[in-house]
Every structure is written in structure tokens, then in C-alpha cells.
Amino acid sequence: MAPIGQLTQQTARLDALARARQRAALLPDCLAEARRVANTVIAGWHGRRKRGIGETFWQFRPYVDGESLSRIDWRRSARDDNLYVRDREWEAAHTIWLWADQSPSMLYKSDVALVSKESRALVLMLALAEILSRSGERVGCPGVMEPVASRNAAERLALALAHAPIQTALPDLGQIGRMSDVILISDFLDADDTLETCIGPASRRGIRGHIIEVSDPAEETFPYTGRTEFRDPETGQKLIAGRAETVAADYRKAWLARREALGQGVRRMGWSFLAHRTDRLASEALAAAHGHLSGIPAAKKAALS
Amino acid sequence: MIAGIPLAFGAPAILFGLLALPVIWWLLRLTPPRPQAEPFAPLAILARVLKAEETPSRSPWWLTLLRLLIAGLVILALAEPVLNPRDRALSSNGPLALVIDNGWATAPDWQARTEAAETLIAEAEDLDIPVSIVFTANRRHDATPTSFERARDQLRAAKPQPLRPERSASVTALIAALGQTRPGTIAYISDGIDTPDATDAFSRLSALEASAIRIIGADDTNALALTGADNGAEELSVTASRLNSTDAASYGLTASDGKGREIAAGEIRFDTGEAEATGTISTPFEIRNDIARLDVTGIDTAGSVRLLDDSFRRRRVALISGEARDIAQPLLSPLYYINRALSPFADLIEADSEEMSVSIPKLLEQSPAVVVMSDIGTLPEDVSQSLNEWIERGGTLIRFAGPRLAAAPGNDELLPVLLRKGERELGGALSWIEPQPLANYPATGPFAGLPTPRDITVRRQVLAEPSADLAARTWASLADGTPLVTAADRGAGRIVLFHVTAEASWSNLPISGHFVDMLRRVVQLSRAVSGGGEAGSGILPPWRLLDANGALLPASGDAKPLDLTDRTAVVQAGPDNPPGLYGGEDGFVALNLFSADETLAPIAIPEFEAPVTRSAITGDSTVDFRPWLFAAALFALLVDTLIVLLLNGAFRRKTFKQASAAAPALFIVGLSLAMFTAPGTVRAQDAQPGDVDLLESLDRTRLAYVITGDEEADRTSQAGLDSLSNYLFSRTALEPGTAIGVDLETAPLSLYPLIYWPMSEDADTPSPEAISRLDAYMKNGGSVLFDTRDRIVDLGGGSSALTVRLQQILAGLDIPPLEPVPADHVLTKSFFLLDTFPGRYSDGPLWVEATPETNDPAERPARTGDGVSSILITGNDMAAAWALDDQGFPMFSTIPADPWQREYAYRAGVNIVMYMLTGNYKADQVHIPALLERLGQ
């Protein structure tokens, strides 16, 4: 009798990149909502509906003395007696930090799951990177890659991940600038103090964040029966259940309570929380994350539900 | 052996192993099953939940119990428990007297019987007592108490005999051999069948005052004996008797011929509680005459075999009458009574020609055993000669008197005695003598033993000239001493003369049942002409003898010749004359173990003073528990495996995932179940090429035409018949399929009700085989519509090439007389009312089989047409009139061009098809009003 779950090998980064591109191709470009970053100085592609540094024409306005002569739009000025200056729309890019957990517990995959959690997390991360970079956002990965505003950010991220040490613990968000977005993809099983140690301080500094919790269906439904020895892939700790089916109900209750607690805490801090199971398609999580990032307001979801 | 229960252990020491069970219990309780290892990331959550649950480290008590049960079963099985262990209760007070039946019924299980005897001898060997052994069916007995080695040799030398046991004689021999010694144990291995001397034998055995009596195998025999075979008129009936009559049973019968080939089979069925039954073998007379031996399938004993000889065969009897048979008044026909008397037990052939010089040689060619001539005075010289030769070869000629014989010269050599010319009338107006009854039969004649009938009177007879040997030749005479039946042997044959007629005009003998008996005796005396030899009488040497297993072996040993000189004595099979065939290859007499009235009865064993132990022949009742216990242990082991699988969740997991780990286990279980189920029936593959076409033609009625080879004609036929089929489809209840062309040489014709055959000059002449096929088709009910397509008017005088061709074809067919369709023929009424049958031409007639004229045509609107005319001939080119092209336009114009003529051509076609399909039903339809009137409606 084969066991239900197994630990998989580490996913090849470039392989994950290819899959991520397939997923990303299913979604439109994502302009991260950047209400909060109105005053960020770094140029980008977000039209800010005000004049500033940018490439798109915004308005003509009369020349004010003291302005650089080079800014005069001579073609327009030639039409009447006034001098005009061509204003451009202020465009600003956004920095989004992506992070995926790669700890041993993420390597778990049960029979009914499509892929391991780690593989799914990587795919989600790279797909997000692809979508965001397509829109001109700056994409970075804490501890792995500084933010870049390049069209091939996903590829560079995959390359960086391939060379970087395995990310096991939650990242240090202290280095991240205030007006950035953070997307954390993990199973959040490692420690219960995630909220206090990692997310809490970051949110207090004003960092917006999105949590994608990836779980295996076997972890949620607990299909084990009979005499079963459970082993923690990270600590190697063992636990024997005489008749596993007897604890299934309790376990499910505890599992859901934990997720609920995590979700509640995250939302209270203003971050979004998304639970994803590996027996679902990656595109589902991607679409949901896309929605959160592009600021589809919670009100709309409420109207739908 | 445990008191009260007939249970014993072969190796009781192993039972101490049961003491180990508590240890096994303790060990089993300690060892939990190995857990299933699973990686599980959210272990922290699980750990919180799992704290409350106690992990069982021990298997459940009932599982342990099951395993203990397995261990216990294995220990018990190793201890070799046996139910009904064989008794070892020989008395050591004196020698063992072993009486063994080795009659015919012991053959099938002789091996088991000798084994039972061996066991007894072995026990005697253990006790070191002498053994006196006697076989009841043997002729010579050597019952001297001897050592067990000699007894064993005697036992090995003994064989079952194809005889009844002679118990009294063997007990006598035993008593004589024992002398004054009192036997310790008398063991009797019986075949269970009663014999007349059994009671006597038992009483004398009981007088020996043995210490113990053992009766072995008296109760469970299934002996079966064939006691008779009777060759009836229609079938061969076989009677059988069986010993064990509790259940209904059915046995197969096989009949084989003289060379041992199986030629017939039958069945004999015993009802519940019936010890006797009669089975039948129904085969033609010729085959039945070849039967030389009957066997019961699956039982090979001398009693279940019935040997048959010549006397068993049905005789072939030729009947010749002097006068033409008058069918209208059969009761006056002389052959009528003979026919009725002989037909139950003889095969009758009659002359088919009035001319005796033709018919008698023809009858003699069929080599009858008996020729019956009724009132024939003189025969042609050559016929008389051939009859004489036939009698010399062994034929029996039975003659009946009559006016012609009375008028013939009395020195006919085909008469047993010289006859006076003229007949003698008794009790007439000019006679003083009363009609005479029969006298008692002579004691030596063939009629000896028949009761003398008192109610038969003879009014007329022919008289024999007195001679010295007249009395010797007389088989029956009247009360006044004049002979009624005389006979004389000629060579191997015999001439028998009844001095009265074969019908009731001279005496009332032919209408009495006595006549049947007399004729039967005479016919039984006759023998097959081909077989010469001395069979049936005299002293016959043994030729082939049955052994106990029912096999016919060349005679050997001490069989004595069979003495049949004394006809009154009933010959019984016995030690001197074992059952078998006596005589020689040319002729033989079968001697069977059982005669017709014998039955099998179970042997009655009286009470003995000594304790009697009864048992079956072998240790059949000994039940060895070992395999059962091992099987139970194995089953429990399987159950245990399933339970362990179940505990480990092998089956519950199935609800979670589709590809279950239990699937292979289920597959194995299913496979083992499949191995236990009986193999499915295998159907013979009887499909043959062409079946699809056949079925297609069978599903739908189809009109057919002959493929002539002339393409134009074939196309016209196809189009014409298709159009006619459409017309039928739209107008009638018949929904024919598309027309089909048949090749007369190969195609199966019987599928089609009507075949249209247009004549064509370009066509090939059909081969004789094709014509012969067509002939068979027509004789079997098919009809052919010939169409010369040349406007013939007169069939015979036709001169066109097509008509000539038709004549060529018809020359090869068996054609009845033809006539143009008369006005009252069914064809004119079968669907439409028609008076002509036009085609493309309108004036040619349609020829059909001539129907016989009825006496009063006025009364019947249509002729009775039993059967349908198998041939129709027209010259009107019907297919051309029917044929429509693809657009539905006529392909040919009618001559003259009259649209109504085409319509009538269709109607003619419909009438023809309806006539073919419905036949005389349509003819009978016209009587419906009359029938209804007769029914009173």
C-alpha cells in the first residue's frame, strides 16, 4: 500500500518559469494599484492623472517665465502669440516584492494534488512576476533580487532563484521601502508567530501585502485511515496515529481554525489573504491575486457574492 | 476413539501443542501491526489534535482470537483426526472365516472388496490367527484355514465371476474345511443381492457359533441387471431390475452390433421406489436386427449386459395372396388377418405385382425368413423352383388352404403332405358331421404348451392323404383327428400348411387370438435364411463367454456345451454354462444371466447370536478431517489478511482516491473466484460464409429471376420485378424486398417463392445440374414462371427459337400436364378478378399445371387447388410490361400501346405472386359464405 503523500524533488526554476509564462499568458496586464504611492518619485508607467514626468501628452499650458526654454512647444506656440509649454502626464512605476517559500514542507505532494506546493508556489511567483513586469512594474524578491523594471523580470527572477540559496524562513521585510507591495506565497506552517514577527512590523510601516497560502488537499481533508505514522518533513518528528480516521474530524476543525485565524489577522492588518489548494489550477490563484493587485475593490467581490 | 463419538486421532501427541496457545496469545497481543509511514507537513496541528487519542499498541482481541483459532486448527489438523475410524474388532478366539461374494455384481468395486478383505487379513496377521477364505461364486472352494500369506495369495488370485453366488455350496465347503474348529470371526463381504440359498447359508453360518460376525457391504450396493429385451413392432423394449430402489434414476442403454460398434442408444428410467423399469430403444427395424448386445452405460457387469441372438431378431415375412387384394373390403382379404397377426413382431413385405413370376423372385431377393402364401394353387415352374431353393436354404413357407389349393393337384412339392383333391365340408347342408373344434396339441410339436382353444370350429378344410408319417408331420389336428396344421422339413427350411383359409370363411381360427399365437410360434421357429448351421437346437459348444465385467471373451475354462435338445427345459446360466454365446460364428444362441421374470432383491441377513458389526465395503465412512481443518485454517488466514488490510484502511481509502491500492487485492480475489466458477458453455461456431445473404433473403420476401447471361434480358427482369415489387408494396399487404437475380448453378433457390425465367436466345444453355436443381426446387414447392417473350399461343407447336429453347429446358424437368389458365382457376381470383394475363403482348395465354376436373363444376366457383402449380408458362414478356426506368416511366411500350394493358399486366403479376404465396387458402376463400352458412351465422 503506497502512502498517500510524498516529498518531491525541488522544482527546476526554468521549468517553473515556462509553466508560469503559460499561466501568465492567460491573464491581462496587471497595473498594481498605486493609490498609496502617489508621491513616489521613481518614474514608471502608471498614469497619475496629473502632470509630471512621463511620456504621454497631458496638456499645453502658458509658458511661465523662468522655465527652461527647451520646454516650450514651438509648434503650438507658433499658432498664436503666446508661448506654450507641453506638459506630460506623470507616470510612476510600483515596486512589488515577490517571495515564495521553498522549505522542505513545501515539497509535499499527495496523490490527488496536481503538483507539489513548492512547484505551485514558484509558478505563482514567476507568473506574477511575468504579469507585473509586462505592465512595467518593478519586481523584486527579498534577499534574492533587487527590484528591476525590466520586461524580462520573470526570467531574471527565475535565474536569480536558481542561483540563490533556498529560501526557507520568512524574509526580512525590514529592508523594503515603505510604499511597496509584498506578495508572500507559502504554506505558513512553519511557525505560528508569522503575524507578529514578519507581517505585523511590515504593515505598520505601511507596506501593502498579499498572502497566498498554498496547501495540499490531503492536508486539508486528512484522508488517512488505519495505523499511520506521520513524519514532519522539516523536523523529522514522528507521530503515530492508531486509527487515523478517528482524528480526521478534529484535525480538519483545527486546520480550518488555524487558517481562519491567520486570515483574520492578515486582513486586520490591511493585507489580503488568499487560500489556494494544489488540486486546483494555478490560474485560479493567479486570477485572484491579479484581482487583489489591480485593486478590484472588495466591494465588487461583495456585490458578486 | 473417544467414547460416544466415533472420532480418533492418528497422532494424538501433537494435541499437546494446544498448550502453546496461551503463549501465542501473549505474543500476538504484544505485536502491533506495522504502521503506514506518511510524510505530513502540518504535524503541529495534528499533534494538538492527536493528544486526546490513545494509540493502540495491541491488536484487537478478536483478531488475536482469530489467529489463535488458526493456530489451533493447524495443530488439530496435524493430529490427524478421523471420524468413524475403522473397527479393529476381530475375535482372536479362532480362525477368521472370510466369505467373499464374487458374483457378477461385485465386478465394478472388486478392487475395494479385495482391499476390505486385505484389511481383515492384515488384522488377522496382527492377531496371528489363521484365515479360512471362501469365494461364493467359485466352483471349487479351498477353505482350509491357512496362514495369512496363503490367504492373501488366494485373495489375489480370485476374480469376480459372471455368475450368481452359490452361497450354500460355499458355506458347505467352509464348514467342511473348518471341521470342529470354532471360527473366531465370520466376516462376510456381500454383494447385497438375495439368492434362493442365502437363508440356508446364513442359518448354517450361524450354527458355527462364531464369536463375532462382520457383515461388510451388504447395504450399499447399486446392482442393476437387464432382465429382458423384446423386439417390438416400433421399438426395442428392455426390462431391467435394480437392487436399490430408493431414488429415481436414469441409465443410458447402448446397443452394439456383432462387431462391437455402437449402433443405437436408449434410456431406462427407474421411478422412485420402483425396482423394475422398462426402457426403449427406438431405431429402424434394420438396425434393431443388427443389435447383438445391450449394455447399461457406465455399469460393467455381466448382469447389465444382454446378449441377443437370432431368435431375438424380427423376422421378415413375405405375404403372397392368390387373389387381387380388394382394398374396399379388407375383412375378406385373406392377407388381412395374417397381416394383423404378424405385424407386431415381424417385418412384413408384400408383393407389389399381381404377376407371381415377377413378384415372388422379387420378394425372395429381400431374403425373407418366412413366406406366407394364402390360397395359391399352382405356381409357375421357375417360381416354384426358386421357392424350393429358398426353402432348402432355410426358409419357412407357410401356406394356407383355400378353394384354389383345393382344386390344385395334390402332389405339389411345396406341400408338407399329399392332399386329397377337393375340400371337406363339415356341418353343411349335405354333411352329417358337425363343425369340428381343435384337439389338444401334440406334446412334441411347436404348439406344445399352448392352451387348447375350445371356441374354434372348422367348417371346411383340405384333407391330407393318409400316410405313415402323417402323424409325425401334424402339428395340430381337429377333434376328429384330421390334421389342421402339417409341416415338413425341407433341407434347412420347412413348409407349414394350415388346412384352412387365412380368412374367416372356412373357420373362425383367423379371427381368434389363437391364430396370432400359432403364427408367432411358427415364425419364431424360422430362422434367417442366410444363417445356416445348427443354432437353436442340439448341443452347442461355448463360443464367446462374458466375463464379470461384461466383456465377451473367447470361451475357455470349464464352461460346458449348452444342451438345447430338450426344448422344454429352461436353460439357466450357471457354473457349467456361464452367460455368453454358444454355438459358432454361423449361428449361436445367447445365454444371459437373467431370464425375463427375474428380479433383484436385497439380501436378508438374519439375526445372529454373536454380535454383528455391519460396515461399508471400504473405509468410505471413515472421514479424514485433516484436509477440512487445513482448509478452514487457510480460510481463516485469508479472513485475517482481509481484516488486517481493512484495519490499515486499504478499502476505506478507496472512497478518497480513484486508483485504489485495494484494487489489486480485489483483482486477486476476483481472479480466485473466477477460478472456482465452472467454465462457461462454449458454443459451436456454426456460422458459414454466405449466412448474411441468406438471412437478408429470409427477412424479406423477394422475387427472384434467373440470370440468363443476356444482359438486356437480365436488366429488364430486374427492373420489371422491382416495379412489380413496388406495385405489390403499394397495393397489397405484401412488402417485398428488391428483386434478386439467382444463378441456377450455385444460388440457394429455396429462399424464393417465385422465380421468373425469361427465355433468351443469347443466353447460355443451363447445365443439367442446374436443371436438376430447378426440378428439386419445383418439387419442393417452389414455382417457376417461364416467359418465352415471343407471344406464343400454342405450347407444343411453337417454332420460334425461344419456344424451342423452353422445350429444351422443359425436357429435363418432370413436368405435369399443363393447361391454359381456365376461367375458374384461383389465379383469376387470387387478388384482382382477371380473365387475361397480359404482359407486353396481350393475347398469349398463361399455362399452368392442369387441375383435375371436378364432377360438378357448377357448384364451385373456383377449383380446389391443393398445392400451387409449380410451373407457369407465358409468352407475353411480362417483365417488359412491368419494367419502369429510374424516372418511373415505362421502359417498353405495350403492344398494342394501351395504358390499361400495362395496368392489367401488373394485376396479373400481383395475382401470380398472391397465388404463389397463399395457394389453396385463396381457393378455399370462395367457400367462406358456404362455411359461414354451415356454421349457422
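Considered as a group, the residues in region A:143-158 that are farther than 20 Å from A:T11 by Cα and in contact (Cβ under 8 Å) with a residue 40 or more places away in the chain include one that is surrounded by the most Cβ atoms within 10 Å (Cβ to Cβ), and that residue is A:P147.
Under the condition of being polar (S, T, N, Q) and over 30 Å from A:F188 (Cβ atoms), which residue from region B:5-58 is modelled with the highest pLDDT? Checking each candidate, the answer is B:T31. Looking at region B:831-842, is at least one residue modelled with pLDDT of 85 or more and of a type in the set (K, R)? Checking region B:831-842: at least one residue is modelled with pLDDT of 85 or more and of a type in the set (K, R). The residues of region B:739-773 that are under 17 Å from B:L917 (Cβ atoms) and of a type outside the set (A, V, I, L, M, F, W, C), listed by number, are B:S750, B:Y752, B:P753, B:Y756.
Per the conditions (1) modelled with pLDDT of 85 or more; (2) in contact with an Asp or Glu (Cβ under 8 Å, 6 or more places away or on another chain), the sole criterion not satisfied by A:W74 is (2). The set of residues from region A:262-292 being under 17 Å from A:A127 (Cβ atoms) and in a helix (DSSP H, G or I) comprises A:A282, A:S283, A:E284, A:A285, A:L286, A:A287, A:A288, A:A289, A:H290, A:G291, A:H292.
Look at (1) in a helix (DSSP H, G or I); (2) facing chain B (nearest Cβ under 9 Å); (3) under 15 Å from B:A41 (Cβ atoms) and you find that A:R259 fails only one, number (2). Residues of region A:231-249 include at least one that is touching a residue at least 40 places away in the same chain (Cβ under 8 Å), within 8 Å of chain B (Cβ to nearest Cβ), under 25 Å from A:A16 (Cβ atoms) and out of contact with any Lys or Arg (no Cβ under 9 Å at 6 or more places or on another chain).
Kindly establish whether B:T444 is surrounded by 16 or more Cβ atoms within 10 Å (Cβ to Cβ), out of contact with any Phe, Trp or Tyr (no Cβ under 6 Å at 6 or more places or on another chain) and hydroxyl-bearing (S, T, Y). Criteria not met by B:T444.
Each residue in region B:733-761 was checked for being within 41 Å of the chain's Cα centre (by Cα) and among the hydroxyl-bearing types (S, T, Y), and 3 of them qualify.
For (1) surrounded by fewer than 17 Cβ atoms within 10 Å (Cβ to Cβ); (2) at pLDDT 80 or above; (3) in contact with a Lys or Arg (Cβ under 7 Å, 6 or more places away or on another chain), each residue gets a yes or a no:
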site: B:G584; (1), (2), (3): yes, no, no
site: B:A590; (1), (2), (3): no, yes, no
site: B:T599; (1), (2), (3): yes, yes, no
site: B:E609; (1), (2), (3): yes, no, no
site: B:S621; (1), (2), (3): yes, no, no
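For (1) in contact (Cβ under 8 Å) with a residue 12 or more places away in the chain; (2) among the basic types (K, R); (3) in contact with an Asp or Glu (Cβ under 8 Å, 6 or more places away or on another chain), each residue gets a yes or a no:
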site	(1), (2), (3)
B:Q461	yes, no, yes
B:A468	no, no, no
B:A472	no, no, no
B:W475	yes, no, no
B:L484	yes, no, no
B:A488	yes, no, no
B:G493	yes, no, yes
B:A502	yes, no, yes
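In the set (1) part of a helix (DSSP H, G or I); (2) of a type in the set (A, V, I, L, M, F, W, C); (3) within 14 Å of another protein chain (Cβ to nearest Cβ), A:L122 fails one condition alone, (3). Of the residues making up region B:159-172, one or more are surrounded by 16 or more Cβ atoms within 10 Å (Cβ to Cβ), under 17 Å from B:E609 (Cβ atoms) and under 49 Å from the mean Cα position of the chain (by Cα). Flag: A:T221 matches the condition of being surrounded by 17 or more Cβ atoms within 10 Å (Cβ to Cβ), farther than 26 Å from A:I131 by Cα and within 14 Å of chain B (Cβ to nearest Cβ).
Of all residues in region B:393-416, those being buried (at least 23 other Cβ atoms within 10 Å of the Cβ) and part of a loop (DSSP other than H, G, I, E, B) number 4. Within the set B:R150, B:R182, B:R139, B:R156, the sole residue that is in contact with a Pro (Cβ under 6 Å, 6 or more places away or on another chain) and of a type in the set (K, R) turns out to be B:R139.
Among residues of region B:589-612 that are under 18 Å from B:A548 (Cβ atoms), those with a beta-carbon under 7 Å from a residue that is of a type in the set (S, T, N, Q) and part of a loop (DSSP other than H, G, I, E, B) at least six positions away or on a different chain give the pairs B:L591/B:N577.
Taken over region B:746-773, the residue count meeting the criterion of being within 16 Å of B:L703 (Cβ to Cβ) and not in a loop (DSSP other than H, G, I, E, B) is 8.
If you go through region B:261-285 and keep only what is touching a residue at least 60 places away in the same chain (Cβ under 8 Å) and outside any strand (DSSP E or B), you end up with B:A275, B:F285.
The values are calculated or read from the model by the stated rules, or taken from the named source; none is laboratory data. It should be emphasised that the depicted structure is a prediction, and the values quoted were computed from it without experimental measurement. All Cβ positions, even for glycine, are placed from backbone atoms using ideal geometry, and neighbour counts span all protein chains on display.
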